[in-house]
Amino acid sequence: MDIRLRTLNPNQDYPRLADLLSTTELEPVSPDMLLARQQSAPPAQVQHTTLAISTQNSVLGFSQILHNPWVHRGQFWVSIVVDPAWRRRGIGSALYDHALAFLDTQKANLLITQVRDNSAPGLEFALHRGFTLTSYTLESWLYLSDFDDARFHDFPERLQASGIQFFTLADIEATNEHQRWLYDLHRRIYETGSNSAHKKRVSISSFHDFQRMLFLAPWFRPEGQFIAADGERWVGTATVGHYINCNSMHNTFTGVERAYRGRGIALALKLLAIRYARQRRADYILTRNDAENAAMLAINRKLGYQIKGGYFSLACRIEFAH
């Protein structure tokens, strides 16, 4: 069909982009969320967004390309979103071909994308272009009005009696040193992922980028950053943030060092995150987990989380002729 392509104008286009993204997510996306992502992006991030415009000057879809500085130089994230009413008219293909032309200038050799598990056309689109499945992530929700806290009323206290202490960054001075401790803890947890596939998929940024992405995120609060410690050693952590536009909390990360797993620390951290979410009067708490992470999914079930859906991660190796 007759369309033209142009680059993104954030001040003008974020409301429409938020509407389009909301058709692909379980929760609504707001323009403020898009602005916050832009403001917290690392300075070295490569971001290229192209819009498909109709003859009536309506935005029918967009493509977005991202490269973060902590992944290898040739790896790029690619996303194509088209208004459901305008799909199967060649708009997605035009956006993808345009994206490939830009990726050629960036010397890209590996593309990463995600497709929701209820989008058969989206999955077909990616597979037809050479993408292959690499992982499956589940999204689980816990409605806080249904949570029975009485089942766990003394659980963190029992662990504390065994020597494990729990606190938040609001309980201590969030100095640069403590931020570094949290960063180092994340690195240790990532490096001892539950399986080799996890290690291949997960990377972690530099300390500077970690600070920017976490501590400058609009949803971040020190009282929502939980830490488990054995004496002076930090051994586990859980992060929870408040998304005001839909009054939800996101448990964005929970992890425990390998030597301390199997002792209930992750359960205690997730329980503390739930209690914090209830204090904030959120409607529900959401978390995402790799489908292969059986241990964390079992904890979620024990707490009462319900799986609402998920998304596939896919990758495609490309080689441009130069």
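The values are calculated or read from the model by the stated rules, or taken from the named source; none is laboratory data. Nothing here was measured: the structure is a model prediction, and the numbers come from that model. All Cβ positions, glycine included, derive from the backbone under ideal geometry; neighbour counts span all protein chains shown. These accessible areas exclude ligands, DNA and RNA; they are computed on the full protein's heavy atoms, side chains included. Shrake-Rupley method; radii C 1.70, N 1.55, O 1.52, S 1.80 Å.
What the table shows:
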{"item": "Hits in segment 1-15 (condition: surrounded by 15 or more Cβ atoms within 10 Å (Cβ to Cβ), out of contact with any His (no Cβ under 8 Å at 6 or more places or on another chain) and of a type outside the set (D, E))", "result": "I3, L8, Y14"}
{"item": "Filter result for R37 (open to solvent by 60 Å² or more (accessible area, probe 1.4 Å), modelled with pLDDT of 95 or more and over 20 Å from L100 (Cα atoms))", "result": "no"}
{"item": "Candidate set: segment 118-133, residues that are modelled with pLDDT under 95 and open to solvent by 40 Å² or more (accessible area, probe 1.4 Å); chosen: the one nearest to the chain's Cα centre (by Cα)", "result": "N118"}
{"item": "Among (1) of a type in the set (G, A, S); (2) more than 26 Å from C316 (Cα to Cα); (3) free of Cβ contacts under 8 Å to residues at least 24 places away in the same chain; (4) open to solvent by 20 Å² or more (accessible area, probe 1.4 Å), the one test that S30 misses", "result": "(3)"}
{"item": "Residue within segment 32-50 that is outside any strand (DSSP E or B) and over 30 Å from I244 (Cβ atoms) present", "result": "no"}
{"item": "Residue in segment 265-282 that is surrounded by fewer than 21 Cβ atoms within 10 Å (Cβ to Cβ), over 22 Å from W181 (Cβ atoms), among the β-branched types (V, I, T) and in contact (Cβ under 8 Å) with a residue 24 or more places away in the chain present", "result": "no"}
{"item": "Residue match in segment 60-69 (condition: at pLDDT below 95, at negative phi and loosely packed, with under 15 Cβ neighbours inside 10 Å)", "result": "yes"}
{"item": "Residue within segment 291-303 that is open to solvent by 20 Å² or more (accessible area, probe 1.4 Å), more than 22 Å from L214 (Cβ to Cβ), basic (K, R) and not in a loop (DSSP other than H, G, I, E, B) present", "result": "yes"}
{"item": "Which numbered condition L138 misses (of (1) part of a helix (DSSP H, G or I); (2) farther than 23 Å from R16 by Cβ; (3) hydrophobic (A, V, I, L, M, F, W, C))", "result": "(1)"}
{"item": "Some residue of segment 256-268 being closer than 24 Å to R301 by Cβ, within 21 Å of the chain's Cα centre (by Cα), modelled with pLDDT under 95 and not acidic (D, E)", "result": "no"}
{"item": "Selection count, segment 149-192, where residues are among the acidic types (D, E), open to solvent by 70 Å² or more (accessible area, probe 1.4 Å) and outside any helix (DSSP H, G or I)", "result": "2"}
{"item": "Selection status of F253, in a strand (DSSP E or B), closer than 12 Å to F166 by Cβ and touching a strand residue (DSSP E or B) at 6+ places or on another chain (Cβ under 8 Å)", "result": "no"}
{"item": "Matching option when the condition is touching a strand residue (DSSP E or B) at 6+ places or on another chain (Cβ under 8 Å) and either surrounded by 15 or more Cβ atoms within 10 Å (Cβ to Cβ) or within 30 Å of F207 (Cβ to Cβ) (or both), among A52, A18, A44", "result": "A52"}
{"item": "Residue selected from segment 70-83 under the condition of a type in the set (A, V, I, L, M) and within 17 Å of the chain's Cα centre (by Cα), by the criterion modelled with the lowest pLDDT", "result": "V71"}
{"item": "All positions within segment 231-263 that are open to solvent by 40 Å² or more (accessible area, probe 1.4 Å) and in contact (Cβ under 8 Å) with a residue 60 or more places away in the chain", "result": "G231, Y243, N245, R258, R263"}
